[in-house]
Ligand SMILES: NC(=O)c1ccc[n+]([C@@H]2O[C@H](COP(=O)([O-])OP(=O)(O)OC[C@H]3O[C@@H](n4cnc5c(N)ncnc54)[C@H](OP(=O)(O)O)[C@@H]3O)[C@@H](O)[C@H]2O)c1
């Protein structure tokens, strides 16, 4: 079968031949439909994030997949069922985090991530997986199933942000997304449509005309240009924000989020920056957090419950959003196009097969 693999840090993804996998007991064989490409894939390709599987010289990419069960192999799945795989797997047997259904909370060394860290991904015509890591989704969502994984990341982030404010009465009226990449835009749409937050903002660094600014405004949100209004100036120019979701990977935003928060607000950080030394007023940061009951938290990955919530959220988002957000779906003969970047590219996917 064909697969898309990369030598991280040493070049572009290439098409390779690999044996079609045979499912072990408890595993199902899945025929891949589509696999999305995101910022993490680009970081893996560049060699900035992730790791090869033991003994491999290339990594099969892909962690945002949707497929159809080809051989349920005696598991509780059914042949023909459309499924989305979760990303983390236990490295050796299982461990307490996986047994509790909380692989997303496992520390380094207690997991591998398919297509990212230590395990091959889903960019192949077929893959196998233990059935417990395959989440069934409705057939009518198959074409958009590659968006379930990224939306699940935001489900977890929102879940943890809200949980951090659950000790008191907290209702966010204003929310801000930092970053107008695909993750940021999907989350903005969730804030607007699913959570029905009154006032939403999204920060980028683009000139108009720009397709991401069009989406932001069509959602009824306000676009903030970080070159004109840095994050810590947002309260003065717009308003203080109850809930901030960082998806830029720009480390200064993590710190400046504290200044942009309203009293009792929470900032949730998702970006994965490289090392960067810069000056901050640590005393002021500390005092802001304490005297105004603010919270700042980081979050990574998601568990099965977040995938299930993501299916629900996706089905509530408007069709026009997907038409504008998914800027390209490419077959294997032109898969390279899915990895191209530019201001007119928002979200792409490789199509391996159709239902
Ligand atoms: N924690 C997790 O579990 C998790 C999961 C998935 C992804 N991530 C991370 O989340 C981040 C977003 O993912 P993505 O796929 O949406 O990535 P992406 O497509 O690279 O989006 C990042 C966006 O942030 C914007 N940006 C960067 N620096 C900025 C600045 N100083 N001011 C304003 N805008 C700025 C970029 O603008 P331009 O395009 O104009 O440069 C881009 O639109 C990445 O860091 C990724 O690694 C984390």
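Observations
- Diffusion constant of the chain at 4 °C, which comes from Stokes-Einstein with the Kirkwood Cα-pair radius and 1.567 mPa s, µm²/s: 62
- The relative contact order of segment 153-298, computed from alpha carbon pairs under 8 Å that lie at least 6 residues apart in sequence, is 23 percent.
- Full extension of the chain segment joining residue 96 with residue 162 gains 21.3 nm, where the gain is 0.36 nm per residue of separation less the Cα-Cα distance.
- FRET efficiency, residue 207 to residue 81 (Cβ-Cβ, R0 56 Å, nearest 0.05): 0.80
- Note on segment 153-298: Kirkwood radius taken over Cα pairs, Stokes-Einstein applied at 10 °C and 1.306 mPa s, translational D equal to 105 µm² s⁻¹.
- Fewest neighbouring Cβ atoms within 10 Å first, the residues 171, 149, 239 line up as 171, 239, 149.
- Cβ crowding within 10 Å ranks 170, 320 as 320, 170, fewest other Cβ atoms first.
- Residue order, fewest to most surrounding Cβ atoms within 10 angstrom, among 210, 312: 312, 210
- Relative contact order (%) - the chain, alpha-carbon pairs under 8 angstrom, separation at least six: 19
- Förster radius 45 Å - calculated FRET efficiency between residue 110 and residue 232, Cβ distance, rounded to 0.05: 0.80
- Centroid-to-centroid separation of segment 48-126 and segment 278-344 [C-alpha atoms, Å]: 20
- Stretching residue 218 away from residue 293 to a fully extended chain increases their span by 23.7 nm, per 0.36 nm per residue minus the current alpha-carbon distance.
- Cα-based helix-to-principal-axis angle, 282-291 vs the chain, degrees rounded to 10: 80
- Spacing of the two label points (7 Å from each Cα toward its C-beta) at residue 312 and residue 332, in nm: 3.7
The numbers here are math on the coordinates, done by the rules we state, and not lab data. Owing to the predicted nature of the structure, the values given are computational and were not obtained by experimental measurement. We place every Cβ from the backbone using ideal geometry, glycine too, and count neighbours over all the protein chains shown.
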